[in-house]
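Worksheet for the structure shown next.
Values quoted throughout were computed directly from the atomic coordinates according to the rules given, and no laboratory measurement underlies them. These figures come from a predicted structure and were not determined experimentally. Using ideal geometry, Cβ is built from the backbone for each residue, glycine included, and neighbour counts are taken over all protein chains shown.
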Amino acid sequence: MKQPKEPPKARPWWSIMLFVPGLLGVLIAECAVHISPEAMPILGVAGLVFPLSWVLLVFGTIGAFRSRIWKWALIGCVALLLSHSHAQSTWGLNVPASFESPAMSEGKINVLSWNVRQFNRFAWIGVPGVPDSILAHMKRAEADVICIQETYLEATKGREARTNPWMSRDMLKRGTGLPYLTEEMALGRGTDKLFGLVILSRYPILHVQTLPFDNDKNNSAMSVDLAIEGDTVRVFNVHLSSIGFEQSDYEDARNVTDEAARLRILQRLQSAWKKRASQARKVAEAACNSPYSVVLAGDFNDTPVSYASQQMTTCLVDGYRRSGVWNKPALGSTYQGDWPFLRIDQMWHSAELTCRSYETIDVALSDHRPIKGTFSFPSHTPEN
C-alpha cells in the first residue's frame, strides 16, 4: 500500500517579508553613498533606514537557511558581505586598536567634539547650570583639543561688552583649562551675540583656515595647525547643514497619515542632503590636500551610510570603525532627539595616525552626545 504523499510545506512568508525589504534597503543604501543627492535626493532615505534594512536582511537570510531556500540564502550572504563595511561604520563591529600599546616613540592627541546647542541658551533642557555642567564635562574629558559646534558666545570687551555673559571666550578657556582658542562665527559678527565654531587647544595654534559654505550661511568648517611635540597636526572642526526642524516639523514627522506633512518633511530632508553633498566635497578636498596629518571631527548631520560621509573615505579613516566597539550608549549613537540610534557626529583621521580609542560619552546636556578619540602618530622629534 502506497504511503500518502506529504502535503507541500507552506512557503515561509515571514522570511519573505523580512528578506525582500531588507535586501532592497541594503542595495539602495550602497547606491546612496556613491550617487550625489544633488542628482537623486530621495536616495538619502536609504542611509537613514540602513540599520533596519540590515537587521531585516540578517533575519531574512537566517529564515532562508532554515527553510532551505538556498538561492535566497546565497544572495543574502553575498549582500551582507558586500555591506559589512557599512555595518562596521554603523555598529563598530571590530577589534579596537586601543588594545595595542603605543610605542614610546609615538606622539598622542586626545580630541573631543561636541555640538553644545548654544549651551542651552533657550532652556531646551529644563535644569539649571547647563553651561557650567558642559564645561565641567569638557574638563573631565582631559582632551588636548576640543571642537565645539553651535557655540554661542557673548562679548565681554569693547562697545558691545556684557558684564554677565551666558558664555564667553574667557569662560571657555577657564572652564576647560585649555589656553588657546580660535573661532569661526557663522552669525553675529560685529555684535554682542556670536554663533558658530570654536576650537580650544592645549598646544599652540600655528595657522587657522576657515571653510565657509556658499549654500548655507549658518554652517561652516574650519581647521587649525597645531604644534604637538615637534610635529604638526591639522585638526578640522566641521558642522554640515542640518534639516532645520522646528517643533512643528517633529509633530508632522509623527503624523504619518497626513500626506501634506509627509511631503513637507521629505522636502526638508532632500534640501539638507543636497546642501551637505557639496559641503562634504569641499571639506574632503581640504583635508586631502593637507600637508600634515589630519583629525577631522564634527557634526555631519548625516549617518555614516551617506554620500556626505563617503566623501571622507577619499583619504581619511573612520575612527569609530577602527575603535568604536559596540560602545554605549545605543551602539555609538550621538543624536538625542526624536530619532534615536543616529550616529551623526563623527571623527575621521589620516591613515598614518592610529585611533587608539573612540568613545561616545553618555551625557544629556544637549541634543548631541560628545565623542572623544585618542590618536597616536609617529614622532619625528630627534632622540637625545
Inset, instruction - Could you list W273, W13 in order of exposure, starting from the residue whose Cβ has the fewest other Cβ atoms within 10 Å? - result: W13, W273
Inset, instruction - Neighbouring Cβ atoms within 10 Å as the yardstick, rank M17, M312, M347, M171 fewest first. - result: M17, M171, M312, M347
Legend entry - Size of electric dipole in the range 100-378: Cβ of Lys, Arg +1 and of Asp, Glu -1, about Cα centre, debye, nearest 20: 260 debye
Legend entry - Least to most buried among C355, C31, C147 (fewest other Cβ within 10 Å first): C31, C355, C147
Legend entry - Restraint check, K173/K193; K217/K372; K193/K275; K217/K275; K193/K282, Cα-Cα greater than 23 Å: K217/K372; K193/K275; K193/K282
